[in-house]
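Here the structure is laid out as structure tokens; the discussion comes afterwards.
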Amino acid sequence: MGNVVVFGNQKGGVGKSTLAVLYAYWVADVQRQSVCVIDLDTQANSSKSLRRFAAGIEAVELFRQNAIVVAPPCEAAIALVAGGKQLADIELARPEMVIPAFRTNVLHLAERFDTVVIDTPPALGLRMSAALIAATAVVCPIELEEYSIDGVTDMLKTTFGVRRRYNPQLRLAGVVLNRFNPHSLRQKAAMQGLAMHFREFVIPARISTRSAIPEALAAGMPVWQLPKSAAREASLELMRVFELLQPRITRSGEAAPEEERA
Ligand SMILES: Nc1ncnc2c1ncn2[C@@H]1O[C@H](COP(=O)(O)OP(=O)(O)OP(=O)(O)O)[C@@H](O)[C@H]1O
Ligand SMILES: [Mg+2]
């Protein structure tokens, strides 16, 4: 069975879609494994970046029973299950109908792909619950600022709540610091708060604000393929973060008991 990795944080604009897309590229390019990306956001940002990999099925269909599951791609390729406006209707659906259907469909995908990546909307709604119930790992990207600790706390509480009640397989792979600025005093203060509460979850590597990142995604390619010297630093930072995340995503066995503290 493949790993099912949710990129989640109910706070908007912290880098969920950016990192979900780049992690998928990394799995395909560096790990040479197959990856299916499910975009659960009506904004469909990750779908725009990955449109050339569209698998011909929309994410909204995964909330119905017996969705037609995408065929596995050729070796080391990406398949996109696209997001879109219709996903807003899922929030009004009956959870007992749509959540089990989504879980079953994701399980089918995890049988065919080495990794399933789920990009989520910036809310702790029904789609986020469905994603966590179907997942094996959560990655929580954050941008350090005044209220970022509150956002992480809520995300962690939700993750551990879902694990306790519905999905004992679920683990928190890590909190990823995005748009990190070592010169910002505000970020430094937020970093101290984060280290105090969540030290064991914070991935010890950072991603700075780099223009090469949105540029590459807009061009429909991973940063490491962007033919610019400015892309080099961004690629090194991203690769380091994914290398540190990967064993935490794939690790099997019991989760650390201290996770329950959150
Ligand atoms: N490290 C970075 N360097 C430069 N720009 C970045 C970086 N990370 C993210 N961005 C940009 O910040 C914006 C928000 O990122 P992204 O869309 O990935 O966040 P998100 O958490 O998915 O947002 P939403 O909650 O709206 O779905 C985008 O324009 C993206 O290109
Ligand atoms: Mg997004």
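The values are calculated or read from the model by the stated rules, or taken from the named source; none is laboratory data. Computed from a predicted structure; not experimentally measured. Note that each Cβ is placed from the backbone with ideal geometry, even for glycine, and that neighbours are counted across all protein chains shown. Remember, those area values only see protein heavy atoms, side chains included, never the ligands or the DNA or RNA. Shrake-Rupley method; radii C 1.70, N 1.55, O 1.52, S 1.80 Å.
Does the stretch 155-169 include one or more residues that are touching a residue at least 40 places away in the same chain (Cβ under 8 Å), on the phi > 0 side of the Ramachandran plot and either open to solvent by 70 Å² or more (accessible area, probe 1.4 Å) or not aliphatic (A, V, I, L, M) (or both)? The answer is no; no qualifying residue exists.
Listed by first and then second residue, the pairs linking a residue in the stretch 27-48 that is modelled with pLDDT of 95 or more to a residue that is surrounded by fewer than 24 Cβ atoms within 10 Å (Cβ to Cβ) and among the basic types (K, R), with Cβ atoms under 6 Å apart and 6 or more places separating them unless they lie on different chains, are T42/K85.
Restricting to the stretch 102-133, what's the tally of residues that are more than 16 Å from ligand 2 (Cβ to nearest atom) and open to solvent by 10 Å² or more (accessible area, probe 1.4 Å)?
Within the stretch 102-133, residues that are more than 16 Å from ligand 2 (Cβ to nearest atom) and open to solvent by 10 Å² or more (accessible area, probe 1.4 Å) number 10.
Beta carbons closer than 7 Å, at least 6 apart along the sequence or on distinct chains, pair a first residue in the stretch 129-145 that is in a helix (DSSP H, G or I) with a second that is open to solvent by 10 Å² or more (accessible area, probe 1.4 Å) and among the aromatic types (F, W, Y) for I133/Y166. Selection over the stretch 148-192 of residues that are within 16 Å of ligand 1 (Cβ to nearest atom), over 27 Å from A212 (Cα atoms) and over 18 Å from the mean Cα position of the chain (by Cα) gives a count of 1.
Cβ-Cβ contacts under 8 Å between residues 6 or more apart (or on different chains), taken from a first residue in the stretch 203-218 that is within 16 Å of ligand 2 (Cβ to nearest atom) to a second residue that is of a type in the set (D, E, K, R) and open to solvent by less than 80 Å² (accessible area, probe 1.4 Å), are listed as I207/E237. Listed here are the helices (runs of 4 or more DSSP H) enclosed by the stretch 148-258 that have at least 3 residues being at pLDDT 95 or above: 148-165, 212-218, 230-250.
Summed over the stretch 24-46, the residues that are over 17 Å from A131 (Cα atoms) and open to solvent by less than 10 Å² (accessible area, probe 1.4 Å) give a count of 4. Residue pairs whose Cβ atoms lie under 7 Å apart, sitting 6 or more positions apart in sequence or on different chains, and linking a residue in the stretch 179-192 that is open to solvent by less than 100 Å² (accessible area, probe 1.4 Å) to a partner that is assigned to a helix (DSSP H, G or I), are F180/Q187; N181/Q187; A190/S148; A190/I149.
Would you confirm whether any residue within the stretch 18-29 is part of a loop (DSSP other than H, G, I, E, B) and either over 30 Å from L177 (Cα atoms) or within 14 Å of ligand 1 (Cβ to nearest atom) (or both)? No.
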